[in-house]
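Each remark here refers to the structure printed beneath this line.
The values are calculated or read from the model by the stated rules, or taken from the named source; none is laboratory data. Here the structure is a predicted model, which is why all the values come from computation and not from measurement. Cβ placement follows ideal geometry from the backbone for every residue including glycine, while neighbour counts extend to all protein chains displayed.
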Amino acid sequence: MKLYCIGIGPGGAEQMTLRAVRALEQCDCVAGYGLYLDLIEELIEGKTRIQTGMTREVDRCTAARDAAKDGHTVAVVSSGDAGVYGMAGLLFEVCVQDPEIQIEVIPGITAACSGGAVLGAPLTNDFACVSLSDLLTPWEVIEQRLRCAAQGDFCIALYNPASKKRVDHLQRACDILLETLTPETVCGTVRNIGRDGETYTLTTLGALRDMQVDMLTTVFVGNSRTRVINGRMVTPRGYRGV
Ligand code: SAH
């Protein structure tokens, strides 16, 4: 009994791995958030769709598990990497009583990597990913992690920087980072990575504080060495002689 958990990368088929494409070919049933299924429409034509809303992850994984038990070969797809704020962990939890189901996790390009490539090379040294969503993590914990990342001089990729209900989270996050970092710290935002309408901006931490972003955006905060080189965001690794 096989259940694939597939990271499809940031956008359409172009940024998927060959392994992900091959696994999808094996499946007759695909579970995922509607937007992600639409992004890979041409690869899942004719397959049964298990489609639920954004916040129905448990239902989606349960339905995928049950379809696998009914003899289907099922893929649960997440954008980016399925293990980075994705469904991989939940799938293992939902299948805790079903050791006969073999779960194969197939990695994908996460937004930190695909968005970093759009900006230049912001994450060439130690970096941290922090999600600003407090749906599953208390806000105080998020604040503490932001503080620690800033104190450690990590570059930071901020996932889920805002949503309709959380309009001021980025501002609050910037205020915490500004306790440690200077307002001149180089920052970038990338929206719709790998999708139609991909855009990016380069800015500073001081200005980022007052920017409006949405949930289709990943935000990058540089470390103390990050700079702009020919219009791109770069964190030097420290090589000498350049
Ligand atoms: N599993 C995904 C992350 C899911 S959390 C991954 O590995 O990339 C959802 C957040 O990821 C979004 O709010 C946004 O911050 C980021 N994200 C995912 N795909 C994106 C894309 N194509 N463009 C910009 N940001 C994206």
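Starting from segment 65-90, keep only residues that are assigned to a loop (DSSP other than H, G, I, E, B), then list their pairs with residues that are away from the ligand (no atom under 16 Å from the Cβ) whose Cβ atoms are within a distance under 6 Å, requiring at least 6 positions of separation or different chains.
That search, which allows pairs on different chains as well, returns His72/Asp28; His72/Cys29; Thr73/Lys2; Thr73/Gln26; Thr73/Cys27; Thr73/Asp28.
Residues checked against (1) modelled with pLDDT under 95; (2) surrounded by 15 or more Cβ atoms within 10 Å (Cβ to Cβ):
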site: Thr182; (1), (2): no, no
site: Thr185; (1), (2): no, yes
site: Asn192; (1), (2): no, yes
site: Leu208; (1), (2): no, yes
site: Arg225; (1), (2): no, yes
site: Arg240; (1), (2): yes, no
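Report every pair of residues separated by at least 6 positions or lying on different chains whose Cβ atoms are under 6 Å apart, first residue within segment 196-209 and under 15 Å from Leu119 (Cβ atoms) and part of a strand (DSSP E or B), second within 10 Å of the ligand (Cβ to nearest atom) and among the polar types (S, T, N, Q).
Thr201/Thr189
Can you tell me which of (1) at pLDDT 95 or above; (2) farther than 23 Å from Ala117 by Cβ is the one Ile8 doesn't meet?
Only one criterion in (1) at pLDDT 95 or above; (2) farther than 23 Å from Ala117 by Cβ is unmet by Ile8, namely (2).
Would you confirm whether any residue within segment 147-160 is surrounded by 21 or more Cβ atoms within 10 Å (Cβ to Cβ) and over 17 Å from the mean Cα position of the chain (by Cα)?
Yes, there is a match, as at least one residue in segment 147-160 is surrounded by 21 or more Cβ atoms within 10 Å (Cβ to Cβ) and over 17 Å from the mean Cα position of the chain (by Cα).
So Leu132 clears everything in (1) crowded, with 18+ Cβ neighbours inside 10 Å; (2) away from the ligand (no atom under 16 Å from the Cβ) except one condition, right? Which one?
Among (1) crowded, with 18+ Cβ neighbours inside 10 Å; (2) away from the ligand (no atom under 16 Å from the Cβ), Leu132 violates only (2).
Report whether or not Thr62 is without any contact (Cβ under 8 Å) to a residue 40 or more places away in the chain, closer than 20 Å to Glu100 by Cα and among the hydroxyl-bearing types (Ser, Thr, Tyr).
So Thr62 fits the description; yes.
Answer yes or no as to whether Ile103 is more than 16 Å from the ligand (Cβ to nearest atom) and modelled with pLDDT of 95 or more.
So Ile103 fits the description; yes.
Report yes if some residue within segment 14-25 is more than 27 Å from Glu100 (Cβ to Cβ) and more than 21 Å from the chain's Cα centre (by Cα); otherwise report no.
no
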